[in-house]
Amino acid sequence: MIPLAEPDLSGNEAHYLQDCVTSGFVSSVGPFVERFEDLVARAAGTTRAFAIASGTVGLHLALVAVGVKPGDLVIVPSFTFIATANAVAHCGATPWIFDVDPERWTLNGDLVASALDSETERRNGICVHRATGQRVSAIIPVHTLGLAADMDAISTAARKHGLKIVADAACALGALYKGKPMAKAGADLSVISFNGNKTVTSGGGGAIVGDNSELAVLVRHLGTTARLGPDYDHDMVGFNYRMTNLQAAVGCAQMERLNDFLAAKRRIRAAYDRAFSSVKGLTPFPGGADEDNACWLSGVVTTSAVAAEALRKRMIAASIESKPFWKPIHLQAPYRAAPATAQTISESLWQRVVTLPSSVNLTPLDQERVISTVLEAAA
């Protein structure tokens, strides 16, 4: 079976893990954590990073840090993994669910701006959703598949209405926005995932990155149980969201090869795009293979849900892993009653997406086998 997205652990991972075992630093204290944070901050183009247990807890922690409260509304795209909305719910808030841009599959910034202008009002300096009376406190743009959202439009709307921005950059490490690192694109905080299927993995874990020193201090304080010093004295309701030294050791070894991994992801995308660009009934993933795009996963979009399912079955029969993509948030049971825009793009798109093997160590021979199988199915 050619896997969809498996990690390449052929670097210093085993050596660094042995260092952890030998030294006894296996929990949330240890030299690899600080080293990993420094490597991630530099790669993200920010001054600060806080290593955490997962991308999901990172989103929750970042939302709390920017001031999201129970009862608030937080703007999210529908076409995203459910963790984006779950982090909002973990704050006691409600997702306000928006459709995505058809070209990028990311939060539609123009739609957000229009809805905020027409459906909210200022009350005592607070942005209030007229229909529900709820405060709108933040926006979560998702850099889908490693392609940055339309941050100019989103940032303009956020500033106009006094909203914070927490970017879900789960798979976007290494992505650029208009030539700048994605974390410099206007978000107050950005959250990266290092799950096992990401371009860089620490087995699990994540990181919150940003340049605002006050927010960075608050994030670290809240994420380390809000402990004031060596004694058991805590001044806030905090969270134990720290990454372990074991995870950070793996992450450090992976970060040493980030540029090679990104280059591999982009080569894979370019090869698929060349192979399928003129095939009737198949459309490539958005963004192409340029350096702005981290190209986390690659694949094709078919003409219908039936065609997508048939292609996936053909791939599995050929021992090639292929999976469906995210079911939109507005169709998920916990969020069906949440306020939402019309979902023309999300509803049309999600069942037609077919992801293809995109591991950083995918060989040219295996990729050719994938391509041949898709072409045979499309003939």
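The values are calculated or read from the model by the stated rules, or taken from the named source; none is laboratory data. Just so it is clear, the model here is predicted, and its values are computed rather than measured. Counting neighbours? That spans all protein chains shown, and the Cβs are built from the backbone with ideal geometry, glycine included.
Given the criteria in contact (Cβ under 8 Å) with a residue 24 or more places away in the chain, in contact with a Lys or Arg (Cβ under 6 Å, 6 or more places away or on another chain), on the phi < 0 side of the Ramachandran plot and not polar (S, T, N, Q), does Val279 qualify? Give the steps one after another, and end with the answer.
Values: in contact (Cβ under 8 Å) with a residue 24 or more places away in the chain: yes; in contact with a Lys or Arg (Cβ under 6 Å, 6 or more places away or on another chain): no; on the phi < 0 side of the Ramachandran plot: yes; not polar (S, T, N, Q): yes.
No; evaluated as a whole, the condition is false for this residue.
Enumerate the strands (runs of 3 or more DSSP E) found wholly within the stretch 134-239, keeping only those where 3 or more residues are over 23 Å from Glu37 (Cα atoms).
Details: elements: 136-139, 164-168, 189-193, 206-210.
Result: 136-139.
Restricting to the stretch 346-379, and then to whatever is in contact with a Ser or Thr (Cβ under 9 Å, 6 or more places away or on another chain) and part of a loop (DSSP other than H, G, I, E, B), can you tell me which residue is surrounded by the most Cβ atoms within 10 Å (Cβ to Cβ)?
Filtering first and then ranking leaves Ser358.
Mind checking whether some residue in the stretch 152-164 is farther than 17 Å from Ser118 by Cα, in contact (Cβ under 8 Å) with a residue 60 or more places away in the chain and not aromatic (Phe, Trp, Tyr)? Outline the logic, then answer.
Filtering the stretch 152-164 down to residues farther than 17 Å from Ser118 by Cα leaves 152, 155, 164.
Now drop any that are not in contact (Cβ under 8 Å) with a residue 60 or more places away in the chain, which leaves 164.
Applying the additional criterion that residues be not aromatic (Phe, Trp, Tyr) yields 164.
Yes.
Is one or more of the residues making up the stretch 34-45 surrounded by 20 or more Cβ atoms within 10 Å (Cβ to Cβ), more than 30 Å from Ala115 (Cβ to Cβ) and not hydrophobic (A, V, I, L, M, F, W, C)?
Yes, the stretch 34-45 contains at least one residue that is surrounded by 20 or more Cβ atoms within 10 Å (Cβ to Cβ), more than 30 Å from Ala115 (Cβ to Cβ) and not hydrophobic (A, V, I, L, M, F, W, C).
Which numbered condition in (1) closer than 26 Å to Ser348 by Cα; (2) buried (at least 17 other Cβ atoms within 10 Å of the Cβ); (3) in contact (Cβ under 8 Å) with a residue 40 or more places away in the chain is the only one that Gln134 fails?
Condition (1) is where Gln134 drops out.
Tell me yes or no: at least one residue of the stretch 234-257 is aromatic (Phe, Trp, Tyr), surrounded by fewer than 23 Cβ atoms within 10 Å (Cβ to Cβ) and out of contact with any helix residue (DSSP H, G or I) (no Cβ under 8 Å at 6 or more places or on another chain).
no
Determine whether Phe50 is in contact (Cβ under 8 Å) with a residue 12 or more places away in the chain, assigned to a helix (DSSP H, G or I), over 30 Å from Gly133 (Cβ atoms) and touching a helix residue (DSSP H, G or I) at 6+ places or on another chain (Cβ under 7 Å).
On the way: in contact (Cβ under 8 Å) with a residue 12 or more places away in the chain: yes; assigned to a helix (DSSP H, G or I): no; over 30 Å from Gly133 (Cβ atoms): yes; touching a helix residue (DSSP H, G or I) at 6+ places or on another chain (Cβ under 7 Å): yes.
For Phe50, the condition - in contact (Cβ under 8 Å) with a residue 12 or more places away in the chain, assigned to a helix (DSSP H, G or I), over 30 Å from Gly133 (Cβ atoms) and touching a helix residue (DSSP H, G or I) at 6+ places or on another chain (Cβ under 7 Å) - is not met.
Limited to the stretch 25-46, what total is found for residues that are in contact with a helix residue (DSSP H, G or I) (Cβ under 6 Å, 6 or more places away or on another chain) and either without any contact (Cβ under 8 Å) to a residue 12 or more places away in the chain or among the aromatic types (Phe, Trp, Tyr) (or both)?
3
In this structure, is Val88 touching a Phe, Trp or Tyr at 6+ places or on another chain (Cβ under 7 Å), surrounded by 22 or more Cβ atoms within 10 Å (Cβ to Cβ), at pLDDT 95 or above and under 19 Å from Asp188 (Cα atoms)? Break it down stepwise before answering.
Values: touching a Phe, Trp or Tyr at 6+ places or on another chain (Cβ under 7 Å): no; surrounded by 22 or more Cβ atoms within 10 Å (Cβ to Cβ): yes; at pLDDT 95 or above: yes; under 19 Å from Asp188 (Cα atoms): yes.
In short, no.
Would you confirm, using the coordinates I've provided, whether Ile126 is of a type in the set (A, V, I, L, M) and crowded, with 23+ Cβ neighbours inside 10 Å?
no
Let me spell it out: the conditions are (1) more than 24 Å from Pro181 (Cβ to Cβ); (2) of a type in the set (S, T, N, Q); (3) not assigned by TED's automatic domain parsing to the domain that holds Trp350, and Gln247 meets all of them except one. Which number is the exception?
(1)
Please specify each residue of the stretch 288-330 satisfying the condition of being aliphatic (A, V, I, L, M), surrounded by 15 or more Cβ atoms within 10 Å (Cβ to Cβ) and in contact with a Ser or Thr (Cβ under 8 Å, 6 or more places away or on another chain).
Ala294, Leu297, Val300, Val301, Ala308, Leu311, Met315, Ala318, Ile320, Ile329
In the stretch 54-87, which residues are assigned to a helix (DSSP H, G or I), over 15 Å from the mean Cα position of the chain (by Cα) and β-branched (Val, Ile, Thr)?
Val64, Val66
Only one of (1) more than 20 Å from Leu215 (Cβ to Cβ); (2) crowded, with 20+ Cβ neighbours inside 10 Å; (3) under 18 Å from the mean Cα position of the chain (by Cα) fails for Thr94. Which number is that?
Against the list (1) more than 20 Å from Leu215 (Cβ to Cβ); (2) crowded, with 20+ Cβ neighbours inside 10 Å; (3) under 18 Å from the mean Cα position of the chain (by Cα), Thr94 comes up short only on (3).
Yes/no per residue for (1) in the same structural domain as Ser358 (by TED's automatic domain parsing); (2) touching a strand residue (DSSP E or B) at 6+ places or on another chain (Cβ under 6 Å):
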residue	(1), (2)
Lys178	no, no
Val191	no, yes
His221	no, no
Thr225	no, yes
Ser278	yes, no
